[in-house]
Amino acid sequence: MKQILFPATLKELFGLMADLPESRIMAGGTDLLVALRTADGADRPLIALERLEELSALSVQPDGGVTIGACTTFSRIMTHPLLVGRYSILTQAAGTVGGPAVRNMATIGGNIATASPAGDSLPPLYLLAAAVEINAAAGTRMLPIDRFIRGPRKTLLQPGEIISRIILPPAEKWNLQRFEKVGRRKSLAIAVVSLAAMIRLEGNCVVEARLAWGSVGPTVLRCPAAEQALVGQPLSQESLAMAAGSLYETVQPIDDLRASAAYRRTVAGNLLMRLSD
Amino acid sequence: MSVRTLPAVTKKPVLFTLNGSTVETAVHDDRRVIDLLREDLGLTGSKEGCGTGECGACTILVNGQPKLACLMLVAQLAGREVETVEVLERTPDGQRLLTAFAEEGAVQCGYCTPGMEMASLALVRCGEALTREQIREGLSGNLCRCTGYVKIVDAVERTVKECAAP
């Protein structure tokens, strides 16, 4: 039996966190409540963030960027007018999380805090150069997402801190924004490999490519060599195969219950080939 | 509505609406919603499949949105409107859905049916003329292991059309 607390303001939240240092923080609960079925100390108090309105707001920044409250669900991210179109890479990825009911519960801040190598929102957030705003009673700090996430289920979040917002820089114009995911089935599947890609063309030629893979390493994998291999080339099966060649030298996936390392490596390269479809 | 709990209280009543009626329950806050429904309230329509958010059998509506009763705790329901499969026979849309599931042969073993029907109810209520592809997407979080998806989509497509007709 554990206590469950629903602070309505950040002030109340930090008061509870100070009074109950052993408590756990729950956002959507879709990862945490599964983990608690078998975790030790399952009776530690839970502090649920779901009624903190300030954590589920989206707003435009003075510079034109967008901030997303950490407790925004993936259903809202998929369809929010501030994100659809402009941050298509993120809305596409949001639409592949779990199934519709999971997306009505699971939050983007929770996905970041869980820091799974397979977290669907993570490759897009790396490509968008998103920053994570971290709040504590003492104040606020901000870290780029690729510094905040340190390894599988490891982040720089300290006791007494929560993720409060995700800050996206102003949307840029990309000719192609694509999120591709391969799992055991199309819905309700954890990514075996995922790829987020943003490509800018001038005429026929790639002038900038940003590529990030999920589930092929301890954290999201960027591959500058593969990105560079595309620059100056038309987006074709030939140039993508060259980029895949550079990827194979970088990528070090693992065997696990969902797929073998060899399969992951092959699929990571093959997903690139979909970009010229 | 915000709910404040005092840290000292361990078993406080939770007030919410269930299928249109107000319910006040004093089970432990951290009891799963699926257990509250089935064990405490005797509403055994909702099923537990995987218990980890991967099958959709326990889908219920909370404030009209499909959610999973196996991944929610009772305290989260405070002030919310909850609907379970038992609500279907009491509403015109629900009755059409039940009839369509029966007549289209959308039920085989029946275990996924309550969750499937609640996900479908949310689709029917959105009031849009959904395509089969949109219906499939709307039901993509509900697994059927008798592989009856085609007939399930048939039933939902029929209900969507019936409910859109004047």
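Every number in this text was worked out from the coordinates using simple rules, so none of it is lab data. None of the values given here were measured: they were computed from a predicted structure. When we count neighbours, we look across all protein chains shown, and the Cβ atoms used for this are built from the backbone with ideal geometry, even at glycine.
In percent, how large is the relative contact order of segment B:108-166, given Cα pairs closer than 8 Å and 6 or more residues apart?
48
If you take every DSSP beta bridge fully contained in chain A, what fraction is antiparallel? Give it as a percent rounded to 5.
Just about 90 percent of them are antiparallel.
Stokes-Einstein at 25 °C, 0.890 mPa s, Kirkwood radius from Cα pairs: D for segment B:50-166 in µm² s⁻¹?
173
Counting pairs of Cα atoms in segment A:1-85, how many percent are more than 21 Å apart?
Of all Cα-Cα pairs in segment A:1-85, 42 percent lie more than 21 Å apart.
Jot down the radius of gyration and Dmax of the protein assembly as shown, Cα atoms only, both in angstrom.
22.7, 67
Can you tally the net charge around A:Gly139? Count Lys and Arg as +1, Asp and Glu as -1, for every other residue whose Cβ sits under 12 Å from the Cβ of A:Gly139.
Here the charged neighbours net out to -1.
Expressed in nm², what is the orientationally averaged projection area of the convex hull enclosing the Cα positions of segment A:169-246?
6.3
Can you pull the semi-axes for segment A:34-132, root of five times each eigenvalue of the Cα gyration tensor, sorted largest first, whole Å?
Value: 25, 15, 13 Å, ordered largest first.
Just to be sure I understand: of the beta bridges DSSP finds with both ends in segment A:1-132, what percent are antiparallel, rounded to 5?
If I count the DSSP bridges inside segment A:1-132, around 45 percent turn out antiparallel.
Answer rounded, prolate or oblate for segment A:112-177, using the Cα gyration tensor with square roots of eigenvalues a ≥ b ≥ c: rounded when a/c is under 1.5, else prolate when a/b is larger than b/c, else oblate.
It comes out oblate by the Cα gyration axes.
Quote the relative contact order of segment B:21-151 in percent (integer), defining contacts as alpha-carbon pairs under 8 Å separated by 6+ residues.
Relative contact order here is 25 percent.
By its C-alpha gyration tensor, with a ≥ b ≥ c as the square roots of the eigenvalues, how is segment A:144-277 shaped: rounded for a/c under 1.5, else prolate for a/b larger than b/c, else oblate?
Oblate is the answer for segment A:144-277, as a/c is 1.5 or above yet b/c matches or exceeds a/b.
How big is segment B:54-110 by Rg and Dmax over its Cα atoms, in Å?
13.1, 38
Would you mind ranking B:Lys47, B:Lys67, B:Lys151, A:Lys154 so that the residue whose beta carbon has the fewest other beta carbons within 10 Å leads the list?
With the fewest neighbours first, B:Lys47, B:Lys67, B:Lys151, A:Lys154 line up as A:Lys154, B:Lys151, B:Lys47, B:Lys67.
Over chain A, what is the relative contact order in percent, taking alpha-carbon pairs closer than 8 angstrom and at least six residues apart?
In percent, rounded to a whole number, it is 14.
Within 10 Å of each Cβ in B:51-61, how many Cβ atoms from other chains are there, averaged over the peptide?
What the average comes to for B:51-61 is 4.
Just tell me how shielded B:64-76 is by partners: mean number of partner chain Cβ atoms within 10 Å of each residue's Cβ, no decimals.
6
Cα centroid distance between segment A:181-246 and segment A:26-65, in Å?
31
Modelled label-to-label distance, A:Gln228 and B:Glu89, 7 Å Cα→beta-carbon offset: nm?
Here the answer is 7.0 nm between the modelled labels.
Taking the Cβ of each residue in A:Thr67, A:Thr38, A:Thr73 as the centre, tally the other Cβ atoms inside 10 Å and list the residues starting with the fewest.
Values: A:Thr67 20, A:Thr38 7, A:Thr73 23.
In order of increasing Cβ crowding within 10 Å: A:Thr38, A:Thr67, A:Thr73.
Residue by residue through B:136-148, how many Cβ atoms from other chains fall within 10 Å of the Cβ on average?
Partner Cβ neighbours, averaged per residue: 3.
Nearest 0.05, what FRET efficiency do B:Glu81 and A:Met242 give at R0 = 60 Å with Cβ-Cβ as r?
Once rounded, the FRET efficiency stands at 0.60.
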